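Below is one structure, written out as structure tokens, with a few remarks after it.
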Amino acid sequence: MMHAAPAAASAVQTEPTPSRTVTAERISVTEHLIRPHVRRTPAIEVGGEDFGLPPFPLAFKLELCQHTGSFKVRGAFASLLSREIPAAGVVAASGGNHGVAVAFAARKLARPAKIFVPEIASAAKIERIRAYGADLVIGGQRYADALEASERWVQESGALPIHAYDQPETLLGQGTVALELAKQLPELDTVLVAVGGGGLIGGMAAWFAERIAAGSLKILGVEPESAPTLTYALRAGRPVDSPAGGIAADSLAPLKVGELPFSIARHYVREVILVSDESIRSAQQALWSVLRVVSEPGGAAAFAALLSHRYVPSPQERIGVILCGGNTTAVNFAR
């Protein structure tokens, strides 16, 4: 049984996806390419009753245990290892996590990196970008401003742009999350994925495309009510500007969803569920209380759909939730 926010948007088209650049076969090749550089993150099986929910099978894929604290490093390595890097190095615009990932990958591969982030980027992410040695530029109110500044730098310097979500290599890297999850938990019925620009859900949906088409798996997107990028795109039939605020704005609030992720999501994402900032914060607190897992707001958004009852599984429905990021200063062990 499925219950979503009144404003939720439905997708799933019957014709084949137009994308031939992001496929399961290419994701498998990418996985072999990046394997020496990324972690196989754990999946932990619990139950809905652990969180005061009905007793359905529940599992979390802990991408917040990945290098740099998020799944983003997969796409960063996929780009840097499969493309020719000029002497000027690479450049990225980011709300935070993508910038951390590109800075990390560039340092590992001995390439120069310049990262542009908006003023809303969290202190935890800014500190990590600097720690990895990238040239950091902070400016503008949101991700779109950082992206515009990075594009000007590409024209001035000749550096290679590494897009956070609207680039084939990025989606191929993020799709390896689904490849791993399928091996760890092959019998899942439903996977909940937070959506910002769409790189993670686009890559994962491409990997699971055959199962989705066969009806043996569904992927649901989860967005903050204050940053409904995919919801707006599905209603309009194309990526369009959307609100970009809320407590997860540094990871889930670009101006609009990417063209390439949208071309996949509109065919393979069953539904997009909207959640409040309050429910995201409650999900963060529950993850800490029950599992001792520290998640940033964007990382907890997918779980918020369950905890707030915006999505109610059937009793035996096997649910997987991607905890996609943990870069936060919410826990202060110095105290």
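A few points about this structure:
- When peptides 184-195, 21-32 are sorted by average Cβ neighbour count within 10 Å, with the highest value leading, the order is 184-195, 21-32.
- Relative contact order of the chain, defined on C-alpha pairs under 8 angstrom at six or more residues apart (%): 24
- Axis of helix 168-184 versus longest Cα principal axis of the chain: the two differ by about 40°, to the nearest ten degrees.
- Length added when fully stretched, Q316-R20, from 0.36 nm per residue minus Cα-Cα: 103.1 nm
- Checking every one of the GluC sites (Glu not before Pro) in the range 38-124 against DSSP loop status and a limit of 10 other Cβ atoms within 10 Å picks out E84.
- Backbone phi angles across the range 196-213, fed through the Karplus curve with coefficients 6.51, -1.76 and 1.60 (θ = phi - 60°), yield HN-Hα couplings of x, x, x, x, 5, 5, x, x, 5, 5, 5, 5, 8, 3, 5, 5, 5, 5 Hz in residue order; Gly and Pro are listed as x.
- Segment V240-L291, length gained on full extension (0.36 nm per residue, minus Cα span): 14.6 nm
- Sequentially through the range 75-91, phi angles give Karplus couplings (6.51, -1.76, 1.60; θ = phi - 60°) of x, 5, 5, 4, 5, 5, 8, 10, 10, 7, 9, x, 4, 6, x, 10, 9 Hz, Gly and Pro residues having no value and appearing as x.
- The angle separating the long axis of helix 24-34 from the principal Cα axis of greatest extent in the chain is about 50 degrees.
- Fraction of antiparallel bridges per DSSP, the chain only, in percent to nearest 5: 20
- For the chain, calculated [θ]222 nm from helices alone, where every DSSP H run of n ≥ 4 adds -39500 (n - 2.57): -12500 deg cm²/dmol
- Across all Cα atoms of the range 100-207, the radius of gyration (one decimal) and Dmax (whole number) stand at 15.8, 50 Å.
- Near the amide H of L160, within less than 5 Å, lie the amide hydrogens of G89, V90, V91, all on another chain or at least 5 residues away, with H placed in the peptide plane.
- Axis angle, to the nearest 10 degrees, between helix 259-268 and the longest C-alpha principal axis of the chain: 20 degrees.
- Estimated inter-spin distance, A213 and E84, nm [label 7 Å along Cα→Cβ]: 3.5
- With only Cα atoms counted, the chain has Rg and Dmax values of 18.2, 57 Å.
We did not get these values from a lab; they are worked out from the coordinates using the rules stated. Predicted, not measured: the structure shown is a model, and the values here were computed from it. We place every Cβ from the backbone using ideal geometry, glycine too, and count neighbours over all the protein chains shown.
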